[in-house]
Amino acid sequence: MLQKSKVLRFRHPGLFYLALFISLTFFASCKTGSGNDNAEAKIDTVLTGTVTAELTNAPNVPKPLTYTSPKKVMVQLETIEKVMPISDSSTYTFWTFGGHVPGNFIRVRQGDLVDVTLKNSPDSKMSHSIDLHAVIGPDGGADATSTAPGQTTHFQFRALHPGLFVYHCATGPVPLHIANGMYGLILVEPQGGMPKVDREYYLMQGDFYTKGKYDAKGLQDFDEDKALAENPDYVLFNGRVRSTTGPNALPAKVGETVRLYVGNGGPNLVSSFHAIGQIFTKVYTEAGSEINRDVQTTLIPSGGATIVEMKMQVPEVINLVDHSIFRAFNKGAIAQIKVTGDENPSLYKKLK
Amino acid sequence: MVKWLTIIMITAFSFAASAQKKAVISSGKMVVVSSGSYLPFFVTQNNKTLPVPAFQMDETAVTNAEYLEFVKANPQWRRSKVYRLFADTNYLRHWKSDLSINGTKKDIDNSPVVNVSWFAAEAYAKWKNKRLPTIAEWELAAKGTPKNIGRKSLTDYILDWYTKPNLAKLPHVKSTYQNQYGLYDMNGLIWEWTFNFNSFIGSRDSRGNNEDELKNFCAGGALNVADKSDYATFLRFSFRGSLKGNYCISGLGFRCAKDL
């Protein structure tokens, strides 16, 4: 091409510049804003070392990854059956990853080889397994991880696609394992990393079905009839009424950009996720690679997730809700961000 | 003099009575489960209702005390001597030592023995001239109508037990319900080994073999379950499917069966 240009240069300078312009345009168009051309990492990329994944409990998120080439990432999860409060008066026998609902947040990078060891506590009554939606492979890993109490299973997968993915137990009957709280999130950062923000938090919505009414006293049994009818008693963020409100509200400051990684474990309900007193400036719709902007309420499918960002601009308490609003008012589907800082009267001003 | 004699006699009698009570709790007695049919939980084209001929079954699960007699007579099955191939590192971990269940305490003598592998259970059954029940036999026996469980259905009762955490100390046998066959605690105490504990799982390699794919118990493949809302049975089969023969688990024991 260059040689052709050299020849053309002397005879037809116009043609040369046209050719140059066309070729430049061709190369420039390869780098599109949505990054779709980079959406799949190469499976034969050499791994440059082994790291152990930092696992966190909600609402905390592991620190942004600093490595820029694919690694082998060691992930160890333990399934634990545990009685915990679900509301002020009620307790429930939760089945968990890591002793909490939702389970640990896992953060890896596109192209990583993820090495998963699943241990089932010897005190468990049930067998458990794991299906990670980030896995392309039989049952998302559940085929390799049917784990009896006291035993350990092991498998690896290559995380070729970026996104925020749900993981959950997939031992039969799957709906019961999910209904008891066995879900969490795994973030596969795109190759360039997630853009930097000031704060990141982890929320996961779930619906719960009990024989007793909402906040009835004592240990509550699972109600299969209500679960089949998709009529929950509790719709909660992070597995407990008031888990993330009042003194447990997520802190933020005026001027900061806050990103929320929000999953929906279900088992049944879709969430209409809304921030009262705020607007989502960026929504990674369904936690995929497309970005929507300036959204009031976004849907989180059951067994799906979303990533939203907001700019904190006034001091306020932001109520994060499922806007199927009876769930927020009467069944517990509220979390809060408490924003502190200077007032901004040109943006919002109460008048006498 | 008479007063002392009376006291001695009463004491002796109460000793005898309590010893007698222990014998009644775990007597190794077997009951007859009459013939019936079993509809396999996973239904495929090959599987139909299975006829199950009548058989005998242990009235209760095998207890710690009964299992102690077994290891006394069979040193190769003592905790410190057992082959790792036949029982993993959790074998009898709830016992104080090879030949001591809980030291001087008798509190779990009559509780079901747990932390025993399938191989160990098989060996015990053979020692007693018995065998382990098949899944079909066990399921037929377990579906026997309960005598007074205080729940609206047996499924409800079972699910309630399954979704409560394991107890730190297992209650003794006969502490839950009895069913129409005279069997105690078929549900509500422990999981129980069966002879063919995972024969319902097909090969996971599904290259061109659709029949095996359908048989795959994995939850996503629940297509061929006869009653999908029977969560209690589903949990039991999932548990069985995760087992290997040398596993020793703190909620898993066994009882024996015998042909008529």
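The values are calculated or read from the model by the stated rules, or taken from the named source; none is laboratory data. Predicted, not measured: the structure shown is a model, and the values here were computed from it. Cβ sites come from the backbone with ideal geometry, for glycine too, and all protein chains shown count toward neighbours. Note: areas computed on protein heavy atoms with side chains; ligands, DNA, RNA excluded. Shrake-Rupley method; radii C 1.70, N 1.55, O 1.52, S 1.80 Å.
Output the strands (runs of 3 or more DSSP E) that fall wholly within region A:102-201 and possess 1 or more residues being touching a helix residue (DSSP H, G or I) at 6+ places or on another chain (Cβ under 6 Å), or say none.
It comes to A:152-158, A:163-168.
Can you confirm whether A:Gln191 is more than 13 Å from chain B (Cβ to nearest Cβ) and more than 17 Å from the chain's Cα centre (by Cα)?
Details: more than 13 Å from chain B (Cβ to nearest Cβ): yes; more than 17 Å from the chain's Cα centre (by Cα): yes.
Judged against the criteria, A:Gln191 is a match.
Reported count of residues in region A:94-124, each being touching a strand residue (DSSP E or B) at 6+ places or on another chain (Cβ under 9 Å) and open to solvent by 10 Å² or more (accessible area, probe 1.4 Å), is 10.
Any idea how many residues of region A:42-67 are part of a loop (DSSP other than H, G, I, E, B) and surrounded by 11 or more Cβ atoms within 10 Å (Cβ to Cβ)? So the count comes out to 15. In region A:252-270 there is at least one residue matching the filter, namely being open to solvent by 10 Å² or more (accessible area, probe 1.4 Å), among the small types (Gly, Ala, Ser), under 21 Å from A:Lys338 (Cα atoms) and in contact with a Lys or Arg (Cβ under 9 Å, 6 or more places away or on another chain). Only one entry in B:Arg93, B:Arg79 is exposed (fewer than 15 other Cβ atoms within 10 Å of the Cβ) and part of a loop (DSSP other than H, G, I, E, B), namely B:Arg93. The residue pairs whose first member lies in region A:308-324 and is in contact (Cβ under 8 Å) with a residue 24 or more places away in the chain, whose second member is in a loop (DSSP other than H, G, I, E, B) and open to solvent by less than 10 Å² (accessible area, probe 1.4 Å), and whose beta carbons are closer than 7 Å, counting only pairs six or more residues apart or on different chains, are A:Val321/A:Ala333; A:Asp322/A:Ala333. Filtering A:Lys213, A:Lys226, A:Lys196 for residues that are more than 11 Å from A:Ile86 (Cα to Cα), open to solvent by 30 Å² or more (accessible area, probe 1.4 Å) and in contact with a Phe, Trp or Tyr (Cβ under 8 Å, 6 or more places away or on another chain) leaves a single hit, A:Lys226. Taking each residue of region A:123-143 that is within 12 Å of chain B (Cβ to nearest Cβ) and looking for partners that are of a type in the set (Asp, Glu) and not in a strand (DSSP E or B) with beta-carbon atoms closer than 7 Å, six or more apart or interchain, yields A:Asp131/A:Asp139. May I ask you to verify whether A:Tyr214 is away from every other protein chain (no Cβ under 13 Å), of a type in the set (Phe, Trp, Tyr), outside any helix (DSSP H, G or I) and under 20 Å from the mean Cα position of the chain (by Cα)? No, not satisfied. Filtering A:Gln313, A:Gln336, A:Gln296 for residues that are of a type outside the set (D, E, K, R) and touching a Ser or Thr at 6+ places or on another chain (Cβ under 7 Å) leaves a single hit, A:Gln336.
Can you confirm whether B:Asn166 is in contact with a strand residue (DSSP E or B) (Cβ under 9 Å, 6 or more places away or on another chain) and closer than 30 Å to B:Arg79 by Cβ? Give the derivation first.
Working: in contact with a strand residue (DSSP E or B) (Cβ under 9 Å, 6 or more places away or on another chain): yes; closer than 30 Å to B:Arg79 by Cβ: yes.
So B:Asn166 passes the test.
Could you tell me which numbered condition B:Leu132 fails, if it satisfies all but one of (1) more than 16 Å from the chain's Cα centre (by Cα); (2) at pLDDT 95 or above? Result: B:Leu132 passes all but (1).
Hey, among the residues in region A:286-333 that are acidic (Asp, Glu) and surrounded by fewer than 15 Cβ atoms within 10 Å (Cβ to Cβ), which one's modelled with the lowest pLDDT?
So the first thing to find is which residues in region A:286-333 are acidic (Asp, Glu), and the list is A:286, A:290, A:294, A:309, A:316, A:322.
Now drop any that are not surrounded by fewer than 15 Cβ atoms within 10 Å (Cβ to Cβ), which leaves A:290, A:294.
On the way: A:Glu290: 95, A:Asp294: 98.
Top of the filtered list is A:Glu290.
State the number of residues belonging to region A:126-138 that are open to solvent by 10 Å² or more (accessible area, probe 1.4 Å) and within 24 Å of B:Leu159 (Cβ to Cβ). Selection size over region A:126-138: 1. Taking each residue of region B:111-133 that is closer than 12 Å to B:Asn74 by Cβ and looking for partners that are assigned to a loop (DSSP other than H, G, I, E, B) and among the aliphatic types (A, V, I, L, M) with beta-carbon atoms closer than 6 Å, six or more apart or interchain, yields B:Ala120/B:Ala87. Is it the case that B:Asp88 is over 19 Å from the mean Cα position of the chain (by Cα), assigned to a loop (DSSP other than H, G, I, E, B) and either within 28 Å of A:Glu81 (Cα to Cα) or β-branched (Val, Ile, Thr) (or both)? Considered against the rule, which asks whether it is over 19 Å from the mean Cα position of the chain (by Cα), assigned to a loop (DSSP other than H, G, I, E, B) and either within 28 Å of A:Glu81 (Cα to Cα) or β-branched (Val, Ile, Thr) (or both), B:Asp88 comes out as no. Is there any pair linking a residue in region A:327-352 that is over 22 Å from A:Phe273 (Cβ atoms) to one that is outside any loop (DSSP other than H, G, I, E, B) and at pLDDT 95 or above, with Cβ under 7 Å and at least six apart or on different chains, and which? Once the first residue is over 22 Å from A:Phe273 (Cβ atoms) and sits in region A:327-352, its partners that are outside any loop (DSSP other than H, G, I, E, B) and at pLDDT 95 or above give A:Thr340/A:Lys253; A:Gly341/A:Lys253.
Restricting region B:123-166 to residues that are open to solvent by less than 30 Å² (accessible area, probe 1.4 Å) and of a type in the set (D, E, K, R) leaves a set whose member that is farthest from the other protein chains (Cβ to nearest Cβ) is B:Glu137.
Out of all the residues in region A:73-92, which are surrounded by 15 or more Cβ atoms within 10 Å (Cβ to Cβ), of a type in the set (A, V, I, L, M, F, W, C) and within 14 Å of chain B (Cβ to nearest Cβ)? Hits for region A:73-92 are A:Ile80, A:Met84, A:Ile86. Scanning region A:144-184 for residues being more than 7 Å from chain B (Cβ to nearest Cβ) and over 30 Å from A:Val235 (Cβ atoms) gives a total of 10.
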